[in-house]
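The next block holds one structure in the form of structure tokens; read it before the comments.
The values are calculated or read from the model by the stated rules, or taken from the named source; none is laboratory data. The shown structure was predicted, so the numbers you read here are calculated from the model rather than taken from an experiment. Positions of Cβ are backbone-derived with ideal geometry, glycine not excepted, and every protein chain shown enters the neighbour counts. Side chains included, ligands, DNA and RNA excluded: accessible areas come from the protein's heavy atoms. Shrake-Rupley method; radii C 1.70, N 1.55, O 1.52, S 1.80 Å.
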Amino acid sequence: MKVLATASEIFPLVKTGGLADVMGALPRVLAKQGLEVRTLVPGYPAILAALTDAEPVYALPTLHGGSARVLAGKAAGLDLFVLDAPHLFDRPGNPYMGPDGRDWPDNPQRFAALSRVAADIGLGAVPGWIPGAVNCHDWQTGLAPAYLALAGGARPRTVMTIHNLAFTGQVPMALWRDLGLPPDSLGTDGVEFYNAIGYMKAGLYYADAITTVSPTYAAEIQTPEFGCGFDGLLRTRHAVLHGILNGLDETVWDPWSDPALPARFRKGHLRGKTKCKAALQTRLGLATDAAAPLFGIVSRLTGQKGMDLVLDTLPTLLEGGAQLAVLGSGDRGFEDAFRTAAAAHPGQVATTIGYDEALSHQLVAGVNALLVPSRFEPCGLTQMMAMRYGALPVVSRVGGLADSIVDANEAALRAGVANGIVADPTQAGLTRALQRALGLWQDQPAWTQAQRVGMAAELGWEASAKRYAEVLAH
Ligand code: ADP
Ligand code: GLC
């Protein structure tokens, strides 16, 4: 079966977070399940520059203010359809914001265009390539299931995948005229979401099935606390809502072959990790002390990720003799606070603001523990990277973090199944978790055992890809 996937980012071409990682890894694994996946992505400069064997397969004389075409081609080993619409996507900056850090004002049109074209391909716009299923990822592509369902004829099956429900894709009602949706779609039983048009809402309402990226998050989003206003709708759709845990792309995240690392290592051969730690300490200006437990963060610096909790509990870490290495970008307040912390504790706290793929590998390889104290976390990938790279994840008990980390309590340690530390996402909860992590560091045999369990964990995509294949085929 042919499957059209569509999303606004894809690793290694354009990435702001885990969505890109999933889009870059899943098609290759679905191919092993007999599915032929092509991914429709916007024609950002980085994607057009990497595209080879490009062939125009669909022309649109007008699409939200300009002409556009779809190119079929390959980039970074991925089979792509690229929406070449320079008036919408030929811009600097990241996929959603200009260099000034503000959202592009025409994001509603840009992602309506992406969704419209996904639906067109679903309905046969590319001769010889008609998909049996369309898999839309996050709000940017949420209108596609609506366009397909409202077209009123034969159409492929539609699956909406939620990576983060907090990004709802709400656009003003006044834009409705631009979107080409029929009048009867404009209601609560349709695309309306709290007196606006909701792109995520459209996908969740019209798709034949819904998936999200962990079983626990699938349950959480049916509650008011985590449902972002969608919990009622999701409860009515629970029979077609599936939680499927993300995998890790083990071709990209393998400490035995990772070209970004100063030394390689794997389970049972950890001397390379000791070298990675020393190299990281030197690079970041931390004291080169092998005995100090080195904690790390690779994250968007936002409230979702619990960065305020890290700042509040920093004294616990520092008084315990630990070091902290932070790599991230996001809210200005958090960026400044982590810079200030580094200035106040030279040699003990290091902050790198920005997005740096190679440093993210070096950091995860060099640290002893990785902090992921999220308030909510649909899946989370960095805790899996940490496990693979012999760093103990210290995470909150939410979403995919709860599904992938087994707390190092006494029973789990005795049973040999502990692979990290699990906390309540509160200041008191994280303080306790950090104290326990520091205590475990003093008990090196127990620490090493938990590290080994993480390094041996099955983290690949195989099992989850099977479940995607089932949902896509029905
Ligand atoms: P989210 O998608 O919510 O940000 P995930 O844990 O699913 O969270 O994925 C985050 C991805 O982005 C991981 O691949 C992580 O390594 C990467 N990442 C986050 N911040 C940075 C950064 N500053 N530099 C490099 N990679 C980063
Ligand atoms: C989102 C979520 C994150 C998840 C990623 C990939 O960005 O915030 O938890 O791992 O998507 O599914």
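Points to keep in mind about this one:
- Surface composition of the range 271-456: carbon plus sulfur atoms contribute 53% of the solvent-accessible area (1.4 Å probe, protein chains only, all chains present).
- q = 0.07, 0.09, 0.11, 0.13 Å⁻¹: log10 I(q)/I(0) that the Debye formula gives for the chain, counting C-alpha atoms only: -0.37, -0.61, -0.89, -1.20
- For the range 204-216, putting each phi into the Karplus relation 6.51 cos²θ - 1.76 cosθ + 1.60 with θ = phi - 60° gives couplings of 5, 7, 9, 5, 5, 9, 10, 10, 9, 8, 6, x, 5 Hz, in residue order, rounded to whole numbers and with x for Gly and Pro.
- Along the range 326-339 the Karplus relation, 6.51 cos²θ - 1.76 cosθ + 1.60 evaluated at θ = phi - 60°, assigns HN-Hα couplings of 10, 10, x, 8, x, 5, 3, x, 6, 4, 5, 5, 6, 5 Hz to successive residues, with x for each Gly and Pro.
- Of the residues Leu370, Thr448, Thr316, the one whose Cα sits farthest towards the positive end of the charge dipole of the range 271-456 is Thr448 (charges of +1 on Lys and Arg Cβ, -1 on Asp and Glu Cβ, taken about the Cα centre).
- Sites excluded, GluC sites (Glu not before Pro) in DSSP loops with at most 12 other C-beta within 10 Å, longest stretch of the chain: 226-457
- Of Lys15/Lys267; Lys32/Lys74; Lys32/Lys305; Lys275/Lys305; Lys15/Lys305; Lys273/Lys466, pairs whose Cα-Cα distance is over 22 Å: Lys15/Lys267; Lys32/Lys305; Lys275/Lys305; Lys273/Lys466
- Part-to-part distance (alpha-carbon centres) for the range 400-474 and the range 259-288, which is given in Å: 22 Å
- On a per residue basis, the chain carries 38 Å² of accessible surface, using protein heavy atoms and a 1.4 Å probe.
- Dipole magnitude for the chain: about 880 debye, using +1 per Lys or Arg Cβ and -1 per Asp or Glu Cβ, origin at the Cα centre.
- For the range 288-305, Karplus couplings with θ = phi - 60° (6.51, -1.76, 1.60), whole Hz, Gly/Pro x: 7, 10, 5, 7, 6, x, 9, 9, x, 9, 10, 6, 5, 8, 9, x, 3, 7
- Under 5 Å between amide hydrogens, built in the peptide plane, is the criterion, and for Val37 it picks out Val3 among residues at least 5 positions away or on other chains.
- Amide H contacts of Gly296 (H built 1.01 Å from N, under 5 Å, at least 5 apart or other chain): Ala325, Ala369, Leu370, Leu371
- Here the relative contact order of the range 72-165, from alpha carbon pairs under 8 Å that lie six or more residues apart, stands at 21 percent.
- Between the range 1-42 and the range 297-367, the alpha-carbon center distance in angstrom: 30 Å
- For the Cα trace of the range 271-456, dividing Rg by the Kirkwood Rh returns an Rg/Rh value of 0.92.
- For the chain, relative contact order (Cα pairs under 8 Å, six or more residues apart, normalised by length) works out to 12 percent.
- The H on the amide N of Thr351, modeled in the peptide plane, is under 5 Å from the matching H of Val326, each at least 5 residues off or on a different chain.
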